[in-house]
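Note sheet for the following structure.
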Amino acid sequence: MKKYNFLAFDIGATSGRAVLGTLAGGKFEMQELHRFPNAIMELHGKYYWNIYQLYDALKESLMVCARRQIVPDSIGIDTWGVDFGYLAKDGSLLGLPRAYRDPYTDGAPEAYFQRVPRSEVYRLTGIQIMNFNSLFQLFRAGQEGFGPLEAAEEILFMPDLLSYLLTGKKVCEYTDASTSQILNPVTKKFEASLLQAAGVSPSLMREVVMPGTLVGELTDALAKETGIGKVPVVAVAGHDTASAVAAVPAQDKEFAYLSSGTWSLMGIETEEPIITEESFRHNFTNEGGIDGTTRFLKNITGMWLLEQCRKEWEKAGRDYSYPAIVKMAERATPFRSFVNPDDPRFANPASMTEAIAGYCRETGQPVPAEDDEFIRCIFESLAFRYKEVLTLLSEIAPFPIRKLHVIGGGSMNNLLNQFTANVINMPVVAGPSEATAIGNCMVQARAAGLVADRWEMRRMINSFLSPSVFQPEGSGEWEEAFRKYKSVTS
Ligand code: LFR
């Protein structure tokens, strides 16, 4: 029986991982081979991703593989969405990719809508309006006279860019391209008119390919230097959220998901995009999924709030582990103060604790002072925001939503899972926490002809996973607290 090795690179805004998925006789197993940091770097007032450091980390991971005598059958890369790098005519990488939290896009959508109305941008792309979408980044880069754009022959989105560094071959993978707000989700082609209106050339984009497409093999130099050989690189669902949703262990379509990490992405999987007056009004997005599905979802500011507080506490010498944080929240007084996690002030504040305190002060609530009060405020506020978005989703969904699947790192937070179940009054199924890496491996397995579609992937995932189920608990206290949340956040 052949044993297949799939190497998944799953790279997020704060760290990346090389995970090995092994498939033999219908049995799937995973192990982490290497973990490396990723961070936004500021240089002369602009914010970038250090792609060369990432490239080194990928190389190091390949060496770890080679040292352990593991020969991957293929490699797949997924990252966060929207960001991209610029390439010159000869294929040289121009500068560093800008990071989506660079404030250069503040106010960019409003300025762009002077050229193409907001409703038209949404009609053509079905993508929720967010400052940092690639369309607005290109628009601003053009206005800034950003050198790399001026010299660029084309752009490559982050997962494709990293695959290009590894193979020398270029593709534009569909799920990640779908986050750009340039792609039309119905035709699955880029809308030249949107780029022209941004003042950039439509020739920057190449044709999209579907997840599962072979990009190419590792370059000769890399194959030799790392000692791993000419391993093929497959374009998986390059957008991390698409990979995660592929790995939701659902058995039928009547579910909503919450991909919980730095962001909380809450949505449903549909056969067709939903671009209506209502979805426009509530700013829902239609991103591309596997098997031609649509991820109809909304971005909710997720663990970012906590991650940023944690950074401050760490600097002040208070370095809490994740389990310690959950314990602190458990002990804190319930229902004291709430924030709207999506308030723009939380996008990139100099101090997250100050920003939260300011929100509570302005809305006449008790101002958190102790660390445990901040944590409790964040968890409860997130649970309430989940309920708000799930209510909207239930109104729009073409099927009844019977449960919420929470996947990703945040699914390990049992306290928040229970809060969420209590407030949405529906079962919460938690796990896998490694959904993104699993989805990445599963698309590689499909490219190798080992699984047929997402339902077969999900059956396989279910066979080795035992997700925890959280049933709603409590009487009316969550409903009452939700009303208080509404009154301070609307
Ligand atoms: C999650 C994610 C979200 C996307 C945001 C920015 O990691 O990919 O789906 O909206 O990052 O790219």
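The values are calculated or read from the model by the stated rules, or taken from the named source; none is laboratory data. Everything numeric here is computed off the predicted structure, so don't read it as measured data. Don't worry about glycine lacking a Cβ; one is built from the backbone with ideal geometry, like all the others, and counts go over all protein chains shown.
Any idea how many residues of region 21-47 are of a type in the set (A, V, I, L, M) and farther than 26 Å from W263 by Cβ?
Residues in region 21-47 being of a type in the set (A, V, I, L, M) and farther than 26 Å from W263 by Cβ: 2 in total.
Scan region 439-469 for residues that are part of a helix (DSSP H, G or I), modelled with pLDDT under 95 and among the polar types (S, T, N, Q) and jot them down.
N462, S463, listed by residue number.
Of the conditions (1) among the aromatic types (F, W, Y); (2) within 16 Å of the ligand (Cβ to nearest atom); (3) closer than 30 Å to E272 by Cβ, Y104 satisfies every one except a single condition; which number is it?
Checking Y104 against (1) among the aromatic types (F, W, Y); (2) within 16 Å of the ligand (Cβ to nearest atom); (3) closer than 30 Å to E272 by Cβ, the one that fails is (3).
Condition test on A242, is it crowded, with 19+ Cβ neighbours inside 10 Å, over 30 Å from R310 (Cα atoms), within 16 Å of the ligand (Cβ to nearest atom) and among the small types (G, A, S)?
It is false that A242 is crowded, with 19+ Cβ neighbours inside 10 Å, over 30 Å from R310 (Cα atoms), within 16 Å of the ligand (Cβ to nearest atom) and among the small types (G, A, S).
I'd like to verify a number: residues in region 11-42 that are within 16 Å of the ligand (Cβ to nearest atom) and touching a Lys or Arg at 6+ places or on another chain (Cβ under 7 Å), how many?
3
Would you check if there is a residue in region 105-120 being outside the structural domain of F284 (by TED's automatic domain parsing), under 22 Å from Y174 (Cβ atoms) and not in a helix (DSSP H, G or I)?
Within region 105-120 (the criterion being outside the structural domain of F284 (by TED's automatic domain parsing), under 22 Å from Y174 (Cβ atoms) and not in a helix (DSSP H, G or I)), the answer is no, since none of the residues qualifies.
Look at V231 and say whether it is at pLDDT 95 or above and more than 16 Å from the ligand (Cβ to nearest atom).
Against the criterion (at pLDDT 95 or above and more than 16 Å from the ligand (Cβ to nearest atom)), V231 qualifies.
Pull up region 280-302, narrow it to residues that are over 28 Å from A235 (Cα atoms) and assigned to a loop (DSSP other than H, G, I, E, B), then point me to the one that is nearest to the chain's Cα centre (by Cα).
Among those that are over 28 Å from A235 (Cα atoms) and assigned to a loop (DSSP other than H, G, I, E, B), it is N283.
Report yes if some residue within region 258-270 is part of a loop (DSSP other than H, G, I, E, B), more than 12 Å from the ligand (Cβ to nearest atom) and either at pLDDT 95 or above or more than 21 Å from L382 (Cβ to Cβ) (or both); otherwise report no.
Checked against the condition, which is being part of a loop (DSSP other than H, G, I, E, B), more than 12 Å from the ligand (Cβ to nearest atom) and either at pLDDT 95 or above or more than 21 Å from L382 (Cβ to Cβ) (or both), region 258-270 yields no hits at all.
Filter the strands (runs of 3 or more DSSP E) completely within region 1-62 down to those with at least 2 residues that are more than 25 Å from P432 (Cβ to Cβ).
Filter on region 1-62 gives 40-43, 46-49.
Mind telling me which of the residues A192, A141 ends up being touching a helix residue (DSSP H, G or I) at 6+ places or on another chain (Cβ under 7 Å), over 30 Å from L450 (Cα atoms) and crowded, with 21+ Cβ neighbours inside 10 Å?
Unique residue meeting the criteria: A141.
With the checklist (1) under 21 Å from R115 (Cβ atoms); (2) hydrophobic (A, V, I, L, M, F, W, C); (3) over 23 Å from the mean Cα position of the chain (by Cα) in hand, flag the one item I228 doesn't pass.
Checking I228 against (1) under 21 Å from R115 (Cβ atoms); (2) hydrophobic (A, V, I, L, M, F, W, C); (3) over 23 Å from the mean Cα position of the chain (by Cα), the one that fails is (1).
If you check I129, I155, which single one turns out to be assigned to a strand (DSSP E or B) and either more than 14 Å from the ligand (Cβ to nearest atom) or crowded, with 18+ Cβ neighbours inside 10 Å (or both)?
On inspection, the qualifying residue turns out to be I155.
Would a scan of region 384-399 turn up a residue that is more than 27 Å from the chain's Cα centre (by Cα) and either within 30 Å of P211 (Cβ to Cβ) or in the same structural domain as K253 (by TED's automatic domain parsing) (or both)?
No, region 384-399 has no match at all.
On the basis of being under 19 Å from the mean Cα position of the chain (by Cα), buried (at least 19 other Cβ atoms within 10 Å of the Cβ) and in a helix (DSSP H, G or I), does L306 make the cut?
Yes.
Among the residues of region 217-248, what is the count of those that are in a strand (DSSP E or B), touching a strand residue (DSSP E or B) at 6+ places or on another chain (Cβ under 6 Å) and not aliphatic (A, V, I, L, M)?
So the count comes out to 2.
Of all residues in region 43-100 being within 16 Å of the ligand (Cβ to nearest atom) and over 24 Å from N348 (Cβ atoms), which is surrounded by the fewest Cβ atoms within 10 Å (Cβ to Cβ)?
It comes out as I77.
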